[in-house]
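Step one of this worksheet: look at the structure below.
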Amino acid sequence: MQDSADDVDPPLPFGIDADTGRPLLGLTAAEIDWLVASGRPAPGEEAVLGARAELSDTSFAVIGDVDGNDLAQTGWGVIVAADVSDEVRAALEPLFARRRSQVGDALFKIFDGALAPRADELASKWLGRQGVSMNVVDPYLGVPFFLLIVGSPEAIPFEFQYGLDIYFAVGRLHFDTPAEYRRYAESVVAYEDAAEPPTTRQAALFATTHDFDRATQLFTAKVARPLAAGEGDQLPLGKRQKFRVQPYIGEDATKQTLANILSGSMPGGAPSLLFSGTHGMALRADDSRLQEAQGALVCQDWGGYGKIDDTHWFAAHDLPAKARIHGLVHVLFACYGAGCPQFDNFRRADGTPKQIAPHAIVARLPQAMLTHPDGGALAVIGHVERAWGYSFVSEKGHAQTQGFRDIMGRLMRGERVGLAMDQFNIRWAALSTELSDTLDSIAHGDSVPANELANRWVARDDARNYIVFGDPAVRLRATEMPELT
């Protein structure tokens, strides 16, 4: 353990306060002290995470004699919240019918009514009611590997999704109207049925870099440029998969550029994959813009600390009417990019969670992308709550981009989205074990610098809070796309 905190920077969040136009605050000394007493997971979850960490040498959580990309072997199921209407279920029937035809009756499951999660039920308890344990997944025991949650994060909390995702491949759908559910279901089926993919064999990499802002400078230096150009013996992203990667970094990462990417007007046509790294917008719980703009992407147009408005960020209403995103997967790094809990996961005042939204919400931009009238995105992979620099930088400042490179490489190979996400779950389990070891050391009298403890706690929950919004079984039809010359 270190004797001084001087070598360890405090946690660095990636979000901008809409009121102040300044970066979100990190953790106070009092909040870090609170972690010492309560930073450990619940005993049951801790045991599950420890077991998952021991499997970190394996690629996926499904048993070894099952091909994780073959739905006929993995199965597919849907978990329906109690308040989901019959109209919503009917709207999703095209997707249900497609997946049932692919997996067969034995491995197609609908968990609703008494089989749905109960209020505040842990994922491990819910699985126990289905007759299985939180362990390497055997789909033939009653719960398929791919699971789609249908419902709001109020009805089925984000925490349930995180817990289930430790071993299973999990996604979520939540929209305001049955029509939006139907648009998404029909869009996925249309993509899978099309004679050829509507997107091209390329990816767009969009990353802001503000000369006054350490967070975006760090992301560009540690993630965006190494992925775009390669670093050392590491090839540029997409080289092995024969994908062209178009970088839009720094001054090129404007709001208009993002609109152009989503309109398919970039060279080579509509991309199959978009990876964006930006600040996300953070609004007060009582701000009338919260539902529409929480997690909106701050673009290069933002001129500096102290003032920010909707001309500087990209929100759902900025999605072009003629967008060409049918078949796109968006990997989105930004605070609140996928959603926002009701209570802050990180900040405490006298041990009491701070309320940051009237209720838990799904971010509006991913909702709009999945339900675009001209054909929606297949999935958005994003972050609930704040995203932190320790998604890609160690406590010593070393780049750790393996998680992003791994998931995007797998997506470019055509792996199913929920399966490709597994590296984040392994990292969560490993970081949780490291944190538990640190807390044990503190309990035995060892001195651990405050910043080091905060970083380990934040890094663990940062890895936990990535989710799939969309059907986790979708995949890019990468092998059918011609190489771009």
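The values are calculated or read from the model by the stated rules, or taken from the named source; none is laboratory data. Here the structure is a predicted model, which is why all the values come from computation and not from measurement. Neighbour counts run over all protein chains shown; Cβ positions are idealised from the backbone, glycine included.
Tell me, yes or no, whether the range 207-221 has at least one residue that is buried (at least 18 other Cβ atoms within 10 Å of the Cβ), modelled with pLDDT under 95 and of a type in the set (D, E, K, R). Checked against the condition, which is being buried (at least 18 other Cβ atoms within 10 Å of the Cβ), modelled with pLDDT under 95 and of a type in the set (D, E, K, R), the range 207-221 yields at least one hit. Restricted to helices (runs of 4 or more DSSP H) entirely inside the range 362-471, those with at least 2 residues that are not assigned by TED's automatic domain parsing to the domain that holds Arg99 and not hydrophobic (A, V, I, L, M, F, W, C) are 364-370, 402-413, 422-443, 450-464. The condition of being outside the structural domain of Cys340 (by TED's automatic domain parsing) and buried (at least 17 other Cβ atoms within 10 Å of the Cβ) holds for Ile79.
Residues in the range 438-480 that are among the aromatic types (Phe, Trp, Tyr) and either surrounded by fewer than 20 Cβ atoms within 10 Å (Cβ to Cβ) or more than 14 Å from the chain's Cα centre (by Cα) (or both): Trp457 alone. Among the numbered criteria (1) closer than 11 Å to Ala459 by Cα; (2) modelled with pLDDT of 80 or more, which single criterion is violated by Ala430? Going through the list (1) closer than 11 Å to Ala459 by Cα; (2) modelled with pLDDT of 80 or more, Ala430 breaks only (2). Among the conditions (1) modelled with pLDDT of 95 or more; (2) hydrophobic (A, V, I, L, M, F, W, C); (3) buried (at least 24 other Cβ atoms within 10 Å of the Cβ), the only one that Ala190 does not satisfy is (3). The residue pairs whose first member lies in the range 98-109 and is more than 8 Å from Trp76 (Cβ to Cβ), whose second member is charged (D, E, K, R) and modelled with pLDDT of 95 or more, and whose beta carbons are closer than 9 Å, counting only pairs six or more residues apart or on different chains, are Arg98/Glu192; Arg98/Asp193. None of Arg201, Arg172 is buried (at least 24 other Cβ atoms within 10 Å of the Cβ), in contact with an Asp or Glu (Cβ under 7 Å, 6 or more places away or on another chain) and of a type in the set (D, E, K, R) except Arg201.
Looking at Leu235, Leu227, Leu258 in this structure, which one is in contact with a Ser or Thr (Cβ under 8 Å, 6 or more places away or on another chain) and farther than 25 Å from Ala315 by Cβ? Step by step, each of Leu235, Leu227, Leu258 is checked, and only Leu227 is in contact with a Ser or Thr (Cβ under 8 Å, 6 or more places away or on another chain) and farther than 25 Å from Ala315 by Cβ. Taking the range 108-204 as the region of interest, the strands (runs of 3 or more DSSP E) fully inside it that hold 3 or more residues being under 19 Å from the mean Cα position of the chain (by Cα) are 146-150, 169-173. For the range 301-334, a residue qualifies if it is crowded, with 24+ Cβ neighbours inside 10 Å, touching a helix residue (DSSP H, G or I) at 6+ places or on another chain (Cβ under 7 Å) and part of a loop (DSSP other than H, G, I, E, B), and the qualifying residues are Ile325, Gly327.
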